[in-house]
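Every number here is computed from the coordinates shown, using simple stated rules; none is lab data. Here the structure is a predicted model, which is why all the values come from computation and not from measurement.
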């Protein structure tokens, strides 16, 4: 065929990556530069001063580097997860946007997020009484605790509870237990695809209390438009209210990243705690109250990607043909 079938589900979209038809993001370190390649078509490189730690857990390769420009950097399976220079963008937007859109959020579940960044941000909200971090790979948390400044105090907070098990199974075991579920996952590759399927989102919906919200990372509208559309279809099939918002994260492919809002009943603009937002923003480096609504005002290309229309399809199909000339 001349181009891949347009993926209609997350399994079809992920199959393009798993099958090698469209290359997944991957990276490597040559002793000086860490280089990450996205879609087999672009590269992002960072000069590293030192490799501080590297191990292979039962689940993945965990590496920590030190960079003069980016500070300490965490990669999993040679893919960028965070840097000290810009991690606040992702964590603040994934956490504060939903929590400030609820009047009295008391209980939060974080799926993934073993680096503790989302946990740190949730704990800024004094109204939150309980935070459960459910991370599959305990070694991620232990390594981050050793090499980054925030995890130790976040994990030690009396309101925080860390469980190291499968998040898909965890949400199935809890009903009407949380006001907010944050899905802080890796890319939808391999076993992580399960965190992007309709069945998982339906379990999350059941896990939420009345008026509860889910937020999740949903890939790049520039670099992964088809994937974003497929993820949103899965979310929309499980939640009556589904929306997308954006954050600018320099170390992620394309620099522009989409985040999902989902709820059975609550829309992003239904409620906003202005006073709490101003208090929270005083300790933030990215979030400020004006972003609460502005982040949902999507550029045309991103809005179309979220709805399943890929404005870059003619380019993506060329990448596919170049990689699979016999199809």
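Contact order, relative form, for segment 87-306: 22 percent (alpha carbon pairs under 8 Å, 6 or more residues apart, mean separation divided by residue count).
For the chain, modelled as a GNM whose springs connect Cα atoms under 10 angstrom apart, the maximal fluctuation among 169, 216, 225 occurs at 169. Comparing 88, 200, 29 in a Gaussian network model of the chain, where Cα atoms under 10 Å apart are tied by springs, the biggest mean-square fluctuation is seen for 29. With no solvent and one equal point scatterer placed on each C-alpha of segment 82-178, evaluate the Debye formula and give log10 I(q)/I(0) for q = 0.17, 0.20, 0.21, 0.24 Å⁻¹, two decimals. The Cα Debye sum returns log10 ratios of -0.73, -1.02, -1.12, -1.39. With contacts taken as Cα pairs under 8 Å at a separation of at least 6 residues, segment 18-175 carries a relative contact order of 14 percent. Within the listed set 112, 71, 308, the Gaussian network model of the chain (springs between alpha-carbon atoms below 10 Å) gives the highest mean-square fluctuation for 71. Adding -39500 (n - 2.57) for every DSSP H run of four residues or longer, then dividing by how many residues the chain holds, sets the calculated 222 nm ellipticity at -8500 deg cm²/dmol. Beta bridges from DSSP with both residues in the chain: antiparallel share about 65 percent, rounded to the nearest 5. Remark: the Cα gyration tensor places segment 148-285 in the rounded category, a/c being less than 1.5.
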